[in-house]
Amino acid sequence: MKPAKLNGFKTYTQAVQEGKYDLYVGNLFGKYDNVRTYWEDQLTRIVLRPFLGELVDKQRNNNQGVRIVDLGCGAGQGYDILTKIDRRDLDLGLQHKRVLPSDDLSLFLGLDISQAMVEKGQALFADQPHVQFKQADLSEGLSEIKTTEAPFDLYFSSYGSLSHLARKDLVNLLQDICHHGKQGSLVVMDLIGRYSIEWPDFWYAQSEEEKVRQYNMGYLYSEPVRQTIDIESFPIRFWTGAEVRELAQEITANTGVNLEVVRLVDRSVLVGRHTDTKAFNPQLKQTRRFINCLHEDYLRTNLEELMLDTSIFPEHEFITPFLNELINCWNILIEFTQHRLSHNFSLPELKGWDEFPKPLQFALMTMDRVIADVGWMWYGDPRANIIEPQLGYALRTLEYEMQQGWGCGHGLLVVLKIS
């Protein structure tokens with residue numbers, strides 16, 4: 001195999017050396033911040049749950065384990081996402097009941113271009129023989145595993161891995177997957193959305209050249225550190241939902257294998273990684289850090305800081321109206337929560353209640369009930385440890401229920417099926 005070429009090689013190698021890819025969960029800043037833990041990873045699990053559940057049941061009926069390949073695996077964080085999906089949300093038993101217990105896995109194969117990532121993954125999962133890692137350059141497609149490995153049930157990628165590929169290389173990879181996969185195989189891609197509020201200057205890109213922009217991972221570092229170091233930039237391909245549908249049609253035409261788009265979900269619409277760095281849009285409020293505060297124990301958040309302004313976005317035929325509606329609902333929920341902390345009143349008394357979208361009504365009812373139910377508690381700081389985290393989840397659900405899969409979030413989660 002010829003030497004691998006990696007966009008962002010310096011960034012990823014340094015991040016591994018500094019321990020940023022260790023399996024650590026939860027924080028106010030950095031790679032494993034609270035938004036990633038309680039918003040992004042959880043929403044990925046919620047989206048994948050029905051598809052993965054169907055796949056696992058099928059393999060069980062055939063007395064076979066599930067085979068997964070993680071494309072651009074990093075140090076194996078995708079394993080944690082896929083094996084910690086609860087069968088249902090309201091399971092209050094002692095033990096979690098997972099959609100994909102590790103016992104149902106016959107192989108989890110991680111492929112990454114970075115040898116440092118491969119070695120980190122091998123060290124982290126050394127005690128799990130069904131988890132393996134290999135170096136591979138995905139710009140060359142599936143390469144040798146097309147002949148050395150049987151078809152996989154799930155071709156999985158996360159955290160924008162496949163946005164490192166040029167469009168022609170992603171076409172080549174997906175064509176390899178279609179030829180290598182089998183009836184019912186799933187393909188999951190986590191792409192970088194072009195219509196994110198983080199980079200409105202990218203919204204009107206037309207040519208393929210314009211859709212590939214320089215990107216950086218400055219969010220790995222605190223604000224003071226960002227001012228003192230040289231942060232590497234590298235090209236990333238930004239995607240929209242419409243382009244993903246066009247891509248699937250092209251792959252189907254080229255291969256004769258039907259690659260069906262079964263789900264498109266925008267993730268982190270208002271709390272993308274670069275809302276905090278403001279590297280691409282200096283007008284943004286640092287919303288992500290305040291959402292991180294909502295999920296931090298014994299830390300009370302100034303909810304006023306979460307209020308957003310709709311005037312900082314350019315005009316766009318359908319993106320701007322969507323963002324305006326979402327931000328308006330977001331602000332109503334925060335204003336209500338602030339007021340409800342010190343007042344007791346009936347929800348139908350809210351001006352415009354009957355016209356509110358259903359996701360907003362549900363979020364308001366959630367916060368009303370939470371605040372009412374913790375009113376008798378005086379131990380453990382109920383505001384910081386109960387009310388504020390539930391506000392975080394309510395905002396997450398509001399964003400999820402109102403998203404359109406257009407590429408308006410930092411992440412565009414794509415579920416494809418070979419059928």
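None of the figures in this text is laboratory data; all of them are computed from the coordinates on show. Given the structure is predicted, the values throughout are model-derived calculations rather than measurements. All Cβ positions, even for glycine, are placed from backbone atoms using ideal geometry, and neighbour counts span all protein chains on display.
Results, tabulated for the structure shown:
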item	result
Formal net charge of residues neighbouring Ser161 (Cβ-Cβ distance under 13 Å; K, R +1; D, E -1)	-4
Cβ-derived FRET efficiency at R0 30 Å, Glu260 paired with Asn63, nearest 0.05	0.65
Local electrostatic count at Val47 - Lys and Arg +1, Asp and Glu -1, tallied over other residues with Cβ under 9 Å	+4
Within-14-Å neighbourhood charge of Ile312 [Cβ basis; K, R +1; D, E -1]	-2
Full-extension gain in nm, Thr320 to Ala126, via 0.36 nm per residue minus C-alpha separation	65.0 nm
GluC sites (Glu not before Pro) within segment 269-369: DSSP coil, no more than 15 neighbouring Cβ in 10 Å	Glu315, Glu317
Which labelled figure in (i) 143; (ii) 161; (iii) 152 is volume of the Cα convex hull per residue in Å³, once derived from the coordinates	(ii)
Nonlocal amide H pairs with Cys73, under 5 Å, H built at 1.01 Å	Leu111, Asp112
Trypsin sites (Lys or Arg not before Pro) restricted to segment 268-347 and DSSP loop, no more than 16 other C-beta within 10 Å	Lys278, Arg300
Cleavage-rule hits, GluC sites (Glu not before Pro), segment 123-190, DSSP coil, Cβ neighbours within 10 Å at most 12	Glu144
Most positive-pole-ward Cα, Gly411, Ala363, Asn331, against dipole of segment 324-419 from beta carbon charges	Gly411
Cβ charges +1 (Lys, Arg) and -1 (Asp, Glu), total dipole of segment 276-402, debye	260
Spacing of the two label points (7 Å from each Cα toward its C-beta) at Ala372 and Ser222, in nm	4.3
Distance (nanometres) between label positions extended 7 Å along Cα→Cβ at Ile46 and Thr148	3.9
The chain - percent relative contact order, Cα under 8 Å, separation 6 or more	20
Helix-only mean residue ellipticity at 222 nm for the chain, each DSSP H run of n ≥ 4 adding -39500 (n - 2.57), per residue, nearest 500	-11000 deg cm²/dmol
Whole-number percent relative contact order across segment 276-402, with pairs defined as alpha carbons under 8 Å at least 6 apart	31
Neighbour count of at most 13 Cβ within 10 Å plus DSSP loop: longest chymotrypsin sites (Phe, Trp or Tyr not before Pro)-free window in the chain	25-203
Equivalent ellipsoid, segment 276-402 (semi-axes from 5 times Cα gyration tensor eigenvalues, Å)	26, 20, 11
Using a Förster distance of 35 Å, the FRET efficiency for Gln135-Ile229 (Cβ separation, nearest 0.05)	0.80
Alpha-carbon centroids, segment 41-104 and segment 340-419: separation in whole Å	26
